[in-house]
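Working notes, beginning with the structure itself.
The values are calculated or read from the model by the stated rules, or taken from the named source; none is laboratory data. Just so it is clear, the structure is predicted and the values come from calculations on it, not from any experiment. In this analysis, Cβ positions are derived from the backbone assuming ideal geometry, glycine residues included, and neighbour counts consider all displayed protein chains. With ligands, DNA and RNA removed, areas are computed over all heavy atoms of the protein, side chains included. Shrake-Rupley method; radii C 1.70, N 1.55, O 1.52, S 1.80 Å.
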Amino acid sequence: MVMAYHFCAHIAVENSKLGWLHELVFLRSGVDLFFVLSGFLIGGILLDQRSSTQFYGTFYGRRLARLAPVYYLTIIGYVIAEPQFAGTRFGQSELFINKLPLWYYWVHLQNIPMVMYGTFGSVWLAAAWSLAVEEQFYLVMPAIIRRIDVRRIPKGVFAVVAFAIVA
């Protein structure tokens, strides 16, 4: 749903008659559902493994094996394809315009310039912002889960949810 939302958004923008369909079908809920489900599942894994002697190695090894191959192949594909289509009509399509500096993508920080510049960047890499947020979550959450007293977790979760609603 995340990928479909980003790709269909550009089709709907180009064809205003389809804009209502995009909002009806996706309602931007795919991204929200992705984050909630991912946070729930990852949180459960972290809680189950919290006393493991291989806690960090196992967690980061699995995340790396699951996300890195496809993610970096997508960036490499962009790096290869973009110069091939430069100067053509296809090269001027939304797949390649509104570029953000590539180094942000390599280190999972592309969500920061996306906010700073008010753009998702090129469509080819637009959905990658959600992976950046997920990777940032992965950097912080294991340390919190490993160190926090289990009895304090429900209060912490409640505080985060309350803050998100207010924000």
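Being open to solvent by 80 Å² or more (accessible area, probe 1.4 Å) and in a helix (DSSP H, G or I) is the filter here; which residues of the range 158-167 pass it? Talk me through it step by step, then tell me what you get.
First, the residues of the range 158-167 that are open to solvent by 80 Å² or more (accessible area, probe 1.4 Å): 158, 160, 163, 165-167.
Of everything in the range 158-167, those that are open to solvent by 80 Å² or more (accessible area, probe 1.4 Å) and in a helix (DSSP H, G or I) turn out to be F158, V160, F163, I165, V166.
When the residues of the range 43-66 are filtered to those that are of a type outside the set (K, R) and not in a helix (DSSP H, G or I), which remaining residue is surrounded by the most Cβ atoms within 10 Å (Cβ to Cβ)? It would help to see each step written out before you state the result.
From the range 43-66, those of a type outside the set (K, R) are 43-49, 51-61, 64-65; that's our starting set.
Among the residues that remain, those that are also not in a helix (DSSP H, G or I) are: 51-54.
Working: S51: 8, S52: 12, T53: 7, Q54: 9.
The residue in question is S52.
In the set F85, F40, F34, which member is in contact with a Phe, Trp or Tyr (Cβ under 7 Å, 6 or more places away or on another chain) and either open to solvent by 80 Å² or more (accessible area, probe 1.4 Å) or at pLDDT below 85 (or both)?
Numbers: F40 fails: in contact with a Phe, Trp or Tyr (Cβ under 7 Å, 6 or more places away or on another chain); F34 fails: in contact with a Phe, Trp or Tyr (Cβ under 7 Å, 6 or more places away or on another chain).
The conditions single out F85.
Here are G61, G118, G156: which of them is closer than 20 Å to L47 by Cβ, free of Cβ contacts under 8 Å to residues at least 24 places away in the same chain and under 19 Å from the mean Cα position of the chain (by Cα)?
Working: G118 fails: closer than 20 Å to L47 by Cβ; G156 fails: under 19 Å from the mean Cα position of the chain (by Cα).
Among G61, G118, G156, only G61 is closer than 20 Å to L47 by Cβ, free of Cβ contacts under 8 Å to residues at least 24 places away in the same chain and under 19 Å from the mean Cα position of the chain (by Cα).
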